[in-house]
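Chemist: Pasting a structure here, questions to come.
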Amino acid sequence: MTTSPKGIKAAAVFVDRDGTIMRDVEYCSDPQKVEIFAGAIAALRRLKDAGFKIVMITNQSGIGRGYFTEAQYRKVEQEVARQLGPGVIDATYFCPDVPGVASTRRKPEPAMIFDAASDHDLDLSRSYFIGDKRIDAECGRNAGVRTILVQTGCETHQPGGIADWVARNLGEAAEIIRRDGV
């Protein structure tokens, strides 16, 4: 991706995978277990139509723990992309590091977002992060983007917490972004 002819960088929506785009399957290594949430495809397409790049940011400690291989992770990633449809996800970044080990890439650290911003010439001041866990909101905050927590994962959230907004699901989060539209 390049900047526009006027030099304006693209805004992005960084989105967590498990519990946000798809049902959270503990250490998902089987493409047959990928179940995209109802409404997720339409929500991501609305964001694309509004001009946002969609970048998936996901911790995958199952690799670091030896539960599955990077090749197995890639097969799940391919199935997610297949179910979402061509061109929905612009890029995917994952971190195989386990919790408790020093890592600049594992959420809540922001290195995956910074890498994506550099690789794809993204404007973080106009970008958002949607996730289902507190570490997703912390990651977004650490990168300087607006944050939305969805209620589709294993954690529950209340307005006024670490995120800028709380939404029932990805569709509602997309509407918040379209209304806020910086």
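Each value in this text was obtained by applying a stated rule to the coordinates, not by laboratory testing. The structure displayed is predicted, hence computed values, not measured ones. As a convention, Cβ positions derive from the backbone with ideal geometry for all residues, glycine included, and neighbour counts pool all protein chains shown.
Chemist: Just the number, please: Stokes-Einstein D of the range 12-180 in µm²/s, Kirkwood Rh from C-alpha pairs, 4 °C, 1.567 mPa s.
Modeler: Numbers: Rh = 15.7 Å.
Stokes-Einstein gives a translational diffusion coefficient of 83 µm²/s.
Chemist: Also, I was wondering about something else. Bin by bin, in steps of 10 Å, what percent of the Cα pairs in the range 1-105 do you find, going until the bin that has the longest distance?
Modeler: 14, 44, 29, 12, 1
Chemist: Report, to two decimal places, the Cα Rg of the range 100-182 normalised by 2.2 N^0.38 Å (N = number of residues).
Modeler: Against the compact-globule rule of thumb, the ratio is 1.07.
Chemist: Let me ask something else. Among V25, V55, V145, determine the one that fluctuates most according to a GNM of the chain built with springs between C-alpha atoms less than 10 Å apart.
Modeler: V25
Chemist: Then there's this: So how tilted is helix 40-49 from the main axis of the chain? Cα-based, degrees 0 to 90, rounded to 10.
Modeler: Computed tilt is about 30 degrees.
Chemist: Now for a different question. For the range 1-83, which GluC sites (Glu not before Pro) pass both filters: DSSP loop (anything but H, G, I, E, B) and at most 16 other C-beta atoms within 10 Å? List each step's numbers first, then the result.
Modeler: On the way: sites: E26, E35, E70, E77, E79; in loops: E26, E35.
Hits after loop and neighbour filter: E26, E35.
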